[in-house]
Each structure stands twice: as structure tokens, then as C-alpha cells.
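A.B. asks: Before I ask anything, here is the structure I am working with.
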Amino acid sequence: MRQTIFLMIVCCACAPALAKPLTKPSTTAVARRVDERLAAELFTEDTDLAPAASDEVFLRRVWLDIIGDVPSPEQTIAFVLDKSAKKRQRMVGELLDRSAYGQNWARYWRDVIFYRAADERSDIAKLAMEADLTKLLNENSPWDRIASKFITTRGDVLENGSTAIVMAQDGRTEETAAEVSRIFLGIQIQCAQCHDHPYDNWRREQFHELAAFFPRVGIRPVREVTKRSFTVVGQDNPSRRRPKDNSNRPHSEHFMPDLNNPEAKGTKMQPKFFLTGEDLPLGTTDAQRRQQLAQWLTDSEWFATAMVNRLWSELVGEGFYEPIDDIGPDREPTAPSAVKLLARKFRESGYDVKWLLKTICQTEAYGRASRPRPGLSDTPFIANVPHRLRSDQLFNAIHTALEVEEVAAQANDQQVFGIGLRNRPRRKFDDIFGYDPSIAREEVGLSIPQVLALMNSTRVNKLIVSRNSTTLKRMLGEVRDDEQLVVELYLRWLCRQPNDEEVARALDYRRSVGNRAQAFEDLQWSLLNSAEFQYRY
């Protein structure tokens, strides 16, 4: 009895230490240290640093970055008139508390995963992934916990959003392993699938040892009359025959193919994590394999570095490593001490994604005015770099500027931006304007279908004209002064006031046209189709 009481006392005494709350690093202090390291590593007295962005530019930038939308004219004016020294920091915090934050970044990760899908049938998993990840991000679930869900997942792809990676890769062993490494570690070890990596030190065996964590995973159709879906399964007693192709049928162990004899069984591979050499014995269950991989992967320094590099690139416009999903120990980053500091502090925060976003947004690097992407010989991070809006950001910005509810658009429109798709305007818009957010932003060009979709869209033209119950019709009645109406339209579309030259040009056009409604319809159309509207500066 005494021994039992003693053990209870010891356990209770240890409990507070085990449950000690995490003390997160100060976002302000870490942001300042990152800027100091950037300056020490990259800048000289002669470096031409961009000045701080104007309040109007910063506000539009941070809205697009955090919640994927633009502020209203009233919100822009209120921010500009606010004299508080901490208004930018406060705005970041307010936006991170909005539900739109989780949705914006869930859509970002949806594109990261599905733009490299092996099978377009995987599209049915997008909505569940977006909904589940939105909830997790808004709850501020740690990034390592979110990543572990994707790695260890099972279940119906219409109900469990964490099945997205496996479903996107059709349950195929090698492709699933490669995407898990690329997305969560930023390491493209798939280049070693058929031969030793041409640029890094990864051997072919190491890729297939990673794949050996996934041979018992597969997808199965849901066989119900009223439901079209797939389920991710993990089987510990699957067929012992190795499929002749890299199919999505679970099998007992993973075999590295014999390149000289493709019909041969190949070499049976033991699950081994390529970054540390830690391994599991053959015969380990599917659940044990994937749970252990999730632990080893999220404990790796490259897990934190990959997330820091990706979000830094998205917010500042260029990454410490380029491309953002091709990093690793054989790559040399820009400003190595800065990225190591930020990655270490992200890990100390408990992989708090909101903490990381808040920290980056407080750096001088993020807050500088925009300039075109620097060349290879130019100094990086001297300015924020503009890039084209992602499809969802552009879609949101158009609806906000026109004061159109997306729900109403989905319920009522048979055609969206000139191309028919019943009840799915956002989805069809993404078909035209979407792109893989992992590619270099200079590779995201403007296509003819995109130009035509905005210039000739029946949907857009219907909302821009002053007839019917449009926002412009209301403004023409309420704002009788032409110059003030020019200002209102610039605030609505570009989130800033026009300069004197822009006002004069607009008023000259108004006089030349004669018809007031027609002139301002044309002005609104030109603002929508401007590079400034379609880019994030």
C-alpha cells in the first residue's frame, strides 16, 4: 500500500513538468533577429533597399496573403487614417483570427497537393480536404500534427480530408512516398527512383527504402449504389504477389525493380528513413510503419525548414531555397543563418503556423515596397516581389470589388466567366486561372484564355455595366461628383487612391465619351483587367 501511494506521489510530482505549457518565442524579437541576419549576410552600405511599403500597399498585401481577399474602401481608409505605430502588427493578428484565414491556406495546400495528382479522379477529394484543413488551421493545430494526419490516414476520401495525398497519387507506393517527401520535407528524392540522384547524394536504394513505408496502402472504390467515392485502406495481409506494375493494390512489402530485368521480382526493401538511417523490420504493420515515419519525418530539421522556406517565399516573393520544394542538405540557401534561425524558432513554437506567419509579416523584408524579381546577380530580399494572384485570391477579389455574394453566384449562374459549369463558378474559374503554387512564380504566365475570360466574360460584363441592380448603378446615383467616383473605383479595385495623373486621365476620358455611365463602366473594366489588380504587390 505504501509503495502504491509512493508511486502515485512520484507520478503526480512529475506531471506538471511533463505538462509544462510551451513558451513560444516572441514574434517581434524573432522578426528583428531575422532582419539582422539578412543584413549581416546579404547587405552592404551600398545596397539599394526598397523603402517600406505604403499603408495601402501593405494592407492589400497582407489581406491577400492571410485571408485571400481584399479590403473594402472603408477598411482601407480607416487603416490609412489610423496613426497607431502598431497598426500593421495588429492587422496581421486580426486577420489570422478570421475563419477566412484557414480557408485561404487550405486552398493553397489543396493546390500544392492536387496540381501534381496522378489521376484526375482524385478531384472528388478536394472539398473534404479543404473543409478539414480549414478547420485544423483555424484551430491552430500544430503543423507536425497536421502532417502526421496526412501520412497515417485511412478512410473515405469524401469524408476524411487527410486522405488527399494518397488519393491524389492513386494509392501508388512510389508516388505517395515521393509526394510526402516533397510536400513535408521539400526534398525531391523521387529523382533517385531509377538511378542515384544526379545532383544530391541520395542513392536509389534510399528512395525505395522510403517507399517501403507505404506498400500496404491503397485505395478502393466504395461500392454503394448511392455513393461514388474511394476509401484509403491499409492492409497487413494483402496479396503477397508483387504487382507487375506500380499499381494501387496493397502488397506485403516493397520491391525495388531490377532495371536489367523488369520481369524479375526485384529486391525486397526494408523501411528506412533516408535522412537518419533509422529503420523498421520487415513485416511491420502498416499502422506502425506510417506512424513511425510520421514521427521521424516531423522530428527532422528539414520538416521545419521546408515549411519556413515555403511560407517565406509565398509572403516575401522569393525563397531561401529555390525551387521551394527542392531543398536538402546538398543545397545551399540564401542567408543560411536567417533560415536556420527561423526554422529553429518555428520548431520551438510547437510548429505554430500562425506564429510563423505573424513573425514573417513583422519582418522588414516582408514590409518593403515591391520591385520586380531580382536576377541571379542581384541581391535578394531587398524588396518584396510581386506575383500573380492565385485563382482563389483573384476570384475573391473580383467578387468583393463587385459586391457579389459567391453563394448567389453559384446558385443562379449557368455560365461563369464565359464558360459553362453549373453551380461551380469557383471550380471553373480555377480551371482557367489556377496554377501549381510550388513552381517558380516567374513561370506563371498570362494565357490567352485568361485574358479572354476577363475581357469578354458575359458574367463580368453583366456585373460591370450600370444597368440592372449592380454596384456601379448604385454608385452613379449616390456619387454625383466625377472625381470622387474615380477615387471610389480605385479604392474598390486597387485598394488605393488614384494619383493626380490617373484622375486627370479618367476625367478626360469621361468628357470625351460624354455618356457618364459608359465612361465609368469602361474605367471599371480597365481596372479589373489591369496588372495591378491581378497581381499581389
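Quick note: the coordinates plus some simple rules give every number you see, no bench work behind them. Here the structure is a predicted model, which is why all the values come from computation and not from measurement. Glycine also receives a Cβ, built like all others from the backbone with ideal geometry; neighbour counts cover every protein chain displayed.
A.B. asks: Using the Cα gyration tensor of region 388-536, with a ≥ b ≥ c the square roots of its eigenvalues, what is the shape: rounded (a/c below 1.5), prolate (a/b larger than b/c) or oblate (neither)? If you can, show how the numbers build up before the last one.
C.D. replies: Details: a/c = 2.17, a/b = 1.43, b/c = 1.52.
Oblate is the answer for region 388-536, as a/c is 1.5 or above yet b/c matches or exceeds a/b.
A.B. asks: Here's another thing I want to ask about it. Where nothing but the Cβ of Lys and Arg (+1) and of Asp and Glu (-1) is charged, how large is the charge dipole of the chain around its Cα centre, in debye to the nearest 20?
C.D. replies: 1700
A.B. asks: If I stretch the segment between V222 and D330 completely, what's the gain in nm (0.36 nm per residue apart, minus their alpha carbon distance), one decimal?
C.D. replies: Working it through step by step, the gained length comes to 34.5 nm.
A.B. asks: Give a residue-ordered list of calculated ³J(HN,Hα) values for region 488-503 (Karplus: 6.51 cos²θ - 1.76 cosθ + 1.60, θ = phi - 60°; whole Hz; x for Gly, Pro).
C.D. replies: Values per residue, Gly and Pro as x: 4, 5, 5, 5, 5, 9, 10, 6, 7, 7, x, 7, 4, 5, 5, 5 Hz.
A.B. asks: Still on this structure, please answer the following. What list do you get for T470, T44 if you sort them by fewest beta carbons within 10 Å?
C.D. replies: T44, T470
A.B. asks: Report which label in (1) 54, 33, 20; (2) 35, 30, 23; (3) 45, 29, 23 holds the value of semi-axes √(5λ) of the Cα gyration tensor in Å derived from the coordinates of this structure.
C.D. replies: (3)
A.B. asks: Rounded to the nearest 20 Debye, what is the dipole magnitude of region 28-122 about its Cα centre when Lys and Arg each give +1 and Asp and Glu each give -1 at the C-beta?
C.D. replies: 420
A.B. asks: Would you mind ranking V80, V232 so that the residue whose beta carbon has the fewest other beta carbons within 10 Å leads the list?
C.D. replies: Result, fewest neighbours first: V80, V232.
A.B. asks: Let me ask something else. Pick out, from W296, M167, L210, the residue whose Cα sits farthest towards the positive end of the charge dipole of region 100-299, with +1 on the Cβ of Lys and Arg and -1 on the Cβ of Asp and Glu.
C.D. replies: Of W296, M167, L210, it is M167.
A.B. asks: Right, here's the next one. Nearest 500 deg cm²/dmol is fine: what mean residue ellipticity at 222 nm does the chain get from its DSSP H runs of n ≥ 4 alone, each adding -39,500 (n - 2.57), divided by its residue count?
C.D. replies: On the way: 26 runs with 281 residues, N = 537.
Theoretical 222 nm ellipticity from helices: -16000 deg cm²/dmol.
A.B. asks: What list do you get for Y366, Y435, Y115 if you sort them by fewest beta carbons within 10 Å?
C.D. replies: Values: Y366 26, Y435 17, Y115 14.
Ascending Cβ contact count within 10 Å gives the list Y115, Y435, Y366.
A.B. asks: Of the options F433, L394, S469, report the single residue whose Cα projects farthest towards the positive end of the charge dipole of region 388-536 (beta-carbon charges: Lys, Arg +1; Asp, Glu -1).
C.D. replies: Among F433, L394, S469, the one farthest towards the positive end of the dipole of region 388-536 is S469.
A.B. asks: Another question, if that's okay. Given a Förster distance of 56 angstrom, what is the FRET efficiency for T23 paired with N260, based on the Cβ-Cβ distance and rounded to 0.05?
C.D. replies: With a Förster radius of 56 Å, E is 0.50.
A.B. asks: For region 16-112, which GluC sites (Glu not before Pro) pass both filters: DSSP loop (anything but H, G, I, E, B) and at most 16 other C-beta atoms within 10 Å? List each step's numbers first, then the result.
C.D. replies: Working: sites: E36, E41, E45, E56, E74, E94; in loops: E45.
Sparse-neighbourhood loop GluC sites (Glu not before Pro): E45.
A.B. asks: Under unit Cβ charges (Lys, Arg +1; Asp, Glu -1), what dipole magnitude, rounded to 20 debye, does region 388-536 have relative to its Cα centre? The partial results should precede the final answer.
C.D. replies: Numbers: 21 positive and 22 negative charges, 111 e Å.
In total the dipole reaches around 540 debye.
A.B. asks: Using alpha-carbon positions, what is the distance between the centroids of region 85-106 and region 153-225, in Å?
C.D. replies: Taking the Cα centre of each part, region 85-106 and region 153-225 sit 33 Å apart.
A.B. asks: Can you grab the distance from the C-alpha centre of region 313-377 to the C-alpha centre of region 452-522, Å, no decimals?
C.D. replies: 39
A.B. asks: Relative to the first principal axis of the alpha-carbon coordinates of the chain, what is the inclination of helix 143-152, with its axis defined by its Cα atoms, in degrees from 0 to 90 and to the nearest 10?
C.D. replies: 60
A.B. asks: Between I439 and V479, what FRET efficiency follows from the Cβ-Cβ distance if R0 is 45 Å, with the result rounded to 0.05?
C.D. replies: Calculated value: 0.60.
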